[in-house]
1. Find which of 36, 113, 89 sits farthest along the positive direction of the dipole of the chain, computed with +1 on the beta-carbon of Lys and Arg, -1 on that of Asp and Glu, about the Cα centre.
2. Using a ≥ b ≥ c from the Cα gyration tensor of segment 60-132 (square roots of the eigenvalues), is it rounded, prolate or oblate, where a/c under 1.5 gives rounded and otherwise the larger of a/b and b/c decides, a/b for prolate?
3. Run the accessible area of the chain with a 1.4 Å probe and give the carbon-and-sulfur part as a rounded percent.
4. What range in the chain is the longest one free of trypsin sites (Lys or Arg not before Pro) that are in a loop by DSSP and have at most 15 other Cβ atoms within 10 angstrom?
5. Using 5 Å bins from zero, what percent of all Cα-Cα pairs in the chain falls into each bin?
6. What is the angle, in °, between the Cα long axis of helix 39-51 and the longest principal axis of the Cα atoms in the chain? Nearest 10 is fine, range 0 to 90.
7. How many angstrom lie between the Cα centre of segment 95-123 and the Cα centre of segment 1-45?
8. Can you pull out the GluC sites (Glu not before Pro) in segment 1-100 whose DSSP state is coil and whose Cβ has at most 14 other Cβ atoms within 10 Å?
Amino acid sequence: DIGLANPMAAVVVSAVRQGMESKLAEAAKKGKAWMAPPKEQIGFVVLYLCRSLKSRQADDYFWYIQKKRKEGLRLEIQDYSLDEHCKRGREKIRQIAKEKGITIGKAGEEEFYLKSGLLDKSIDVGEIDWSKILFEDMRLPYTHYRLEEEETEPSEAP
């Protein structure tokens, strides 16, 4: 029930678990057949999770979707989401390649990088824009992977 309320909880628990596993592995190397779990680390994790913010959103979303699927709901996959990862997407790419007279590989690249690979809430990170370098190398117009370019409204004169 923590999930979205404290995404770092998974990181903390995983780090403690890895530490415990490494101690158990060290004990096994020394020939110890059994070692008591480190109570301090377990106590830390329990208290951390008890004190953490909670949210039922992720679990409730899962159960809502399961309920709707049992009721027969099936969502239509939007055309822009079809790529080489599904049968309909591969068929679409073959058709585009045929229509444009290009290879299936090139059609797949264009569809992915210009349509199905676009992201909502995309940001640029890092000093080197590897995405831009890739797009230039493929001779494709650079999209920044954004669904829509941000439109800036002209400022009004005072």
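The values are calculated or read from the model by the stated rules, or taken from the named source; none is laboratory data. What you see is a predicted model, and the numbers here were worked out from it, not measured in a lab. Neighbour counts run over all protein chains shown; Cβ positions are idealised from the backbone, glycine included. What goes into the accessible areas is simple: the full protein's heavy atoms, side chains included, and nothing from ligands, DNA or RNA. Shrake-Rupley method; radii C 1.70, N 1.55, O 1.52, S 1.80 Å.
1. Highest projection toward the positive end goes to 36.
2. The shape class here is oblate.
3. Result for the chain: 57 percent of the exposed heavy-atom area is carbon or sulfur.
4. 75-120
5. Bins of 5 Å from zero give 1, 7, 9, 9, 9, 10, 11, 12, 11, 9, 7, 3, 1, 1, 0, 0 percent of pairs.
6. 50
7. 44
8. Answer by residue number: 71, 76.
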